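The values are calculated or read from the model by the stated rules, or taken from the named source; none is laboratory data. The structure presented is a predicted model; accordingly, all values stated were derived computationally and were not measured. Note: ideal-geometry Cβ built from the backbone for every residue, glycine included; neighbour counts use all protein chains shown.
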Amino acid sequence: MSDHTLLIGNVGRFEPQKNQIHLLNIFSEIHKRCADSCLILIGQGSLEESLHRRVAELGLDRQVIFTGSIYRVEDYYAAMDMFVFPSLFEGLPVAPLEAQCSGLPVVMSKSCTDAVNINVKKNLIIDIQDSDEHIANKIYDWYQCVPKDRKSSVESSQFSMAKQIQSFEKIMEEPLE
């Protein structure tokens, strides 16, 4: 890896709903457009063996990094160029929020709630039903234009500390019944 390597990251349990198998296929297409790219997968789960097999089938053993579970995910966010989260279904996923707090541009499936899209100008919503090639092209083209600053938009979102304090104060002011 060099300073110019495009480092794409994903954090999550290796389970069907997180859809990392699809992410590997998408990354394979991105790698065809950008040979100097790597994918880092942070997590563990029941699909770990399947993911390793798929990486080997795609011939991406040197481009896909598995870290296992780690303690300081924020250190990895700091190294990533973008975060991709292709989940099939989600409630309020934490990993894309953490990535946005780190100032990362985030690609997420439209199955994620709108509430998690706190940095609209730097995020891309994808339809995971589209072809891998279409999604990869969309991600690659979008990344060429997305602002590269690492400024987080959390302070202007519903997840800012000020807004959370206001919500808490409002709850505390309500009379008990």
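Quick notes on this structure:
- The residues on offer are Tyr76, Tyr140, Tyr71, and the sole one that is closer than 13 Å to Gly12 by Cβ and of a type outside the set (A, V, I, L, M) is Tyr76.
- For the residues Leu41, Leu47, Leu51, Leu60, the requirement of being within 16 Å of the chain's Cα centre (by Cα) and free of Cβ contacts under 8 Å to residues at least 60 places away in the same chain singles out Leu41.
- Tally, over the range 130-151, of residues that are polar (S, T, N, Q) and at pLDDT below 95: 1
- With respect to the conditions (1) touching a strand residue (DSSP E or B) at 6+ places or on another chain (Cβ under 8 Å); (2) at pLDDT 90 or above; (3) buried (at least 20 other Cβ atoms within 10 Å of the Cβ), Asp127 lacks only one, and its number is (3).
- Selection over the range 6-38 of residues that are among the β-branched types (Val, Ile, Thr) and without any contact (Cβ under 8 Å) to a residue 40 or more places away in the chain gives a count of 1.
- Subset of the range 1-47 [modelled with pLDDT of 95 or more, outside any helix (DSSP H, G or I) and among the polar types (S, T, N, Q)]: Asn10, Asn19, Ser37, Gln44, Ser46
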